[in-house]
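Everything below concerns the one structure shown next.
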Amino acid sequence: IQNANNLINLRNYYVANVAHNIPDIKVNGDLEERLPGNMNICFRGVDGGVLIDELDKRRICASSGSACSAGFLNPSHVLLAIGVNERLARGSLRVTFGKDNEIEDVKFLVRSLIEIIETLRKA
């Protein structure tokens, strides 16, 4: 239970800070009824593949689709099924936190996303 609560705190910190600092996003799924360390957010006007590449340069591991579609260029079929349009779904980012993550990891991720998305949206 302690690990689950820690994951929930990390996830909630992540989504709150992304929502506060990055405009034009869509948080996918219910904020309460979900796995404790998992969050999927779409960033309007951003290509998920490019976003993943930029995060990888900073040694941040994430995915642009659902776990079952990782490695494919198609948007997540799950996002499409819940009504996210294809263009927005192509800008999705799935992040999963684990037992070894700490708040500093999440802060670094949020700072990185702010910088990367601002740059990508200007391009």
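A few points about this structure:
- The listed residues 61, 42 rank as 61, 42 when sorted by accessible area, largest first, using a 1.4 Å probe.
- Ignoring lysines fewer than eight residues from residue 107 along the same chain, the ones with Cα atoms less than 19 angstrom from its Cα are 57, 99.
- Computed 3J(HN,Hα) for region 93-109, one whole-Hz value per residue from the Karplus formula 6.51 cos²θ - 1.76 cosθ + 1.60 where θ = phi - 60°, is 9, 9, 10, 10, 9, x, 4, 8, 7, 10, 4, 4, 4, 5, 4, 5, 4, glycine and proline marked x.
- For residue 60, nonlocal amide neighbours, meaning residues 5 or more places apart or on other chains whose placed amide H falls under 5 Å from its own, do not occur.
- Restricting region 1-109 to chymotrypsin sites (Phe, Trp or Tyr not before Pro) in coil, as DSSP defines it, with at most 12 other Cβ within 10 Å: 72
- Stretching the chain fully between residue 32 and residue 121 yields a gain of 29.1 nm (0.36 nm per residue, less the alpha carbon separation).
- Here, P(r) means the percent of Cα pairs in each 5 Å bin from 0 to the largest distance; for the chain it is 2, 11, 23, 25, 22, 12, 4, 1, 0.
- Distance between the 7 Å Cα→Cβ label points at residue 86 and residue 103: 4.3 nm.
- Solvent-accessible area per residue in the chain equals 60 Å², computed with a 1.4 angstrom probe and all protein chains kept.
- Accessible carbon and sulfur surface of the chain relative to its total accessible area, %, 1.4 Å: 52
The values are calculated or read from the model by the stated rules, or taken from the named source; none is laboratory data. Given the structure is predicted, the values throughout are model-derived calculations rather than measurements. Methodologically, a virtual Cβ is constructed for each residue, glycine included, from the backbone with ideal geometry; neighbour enumeration extends over all protein chains shown. Quick note on the areas: whole protein, heavy atoms, side chains included, nothing else; ligands and nucleic acids left out. Shrake-Rupley method; radii C 1.70, N 1.55, O 1.52, S 1.80 Å.
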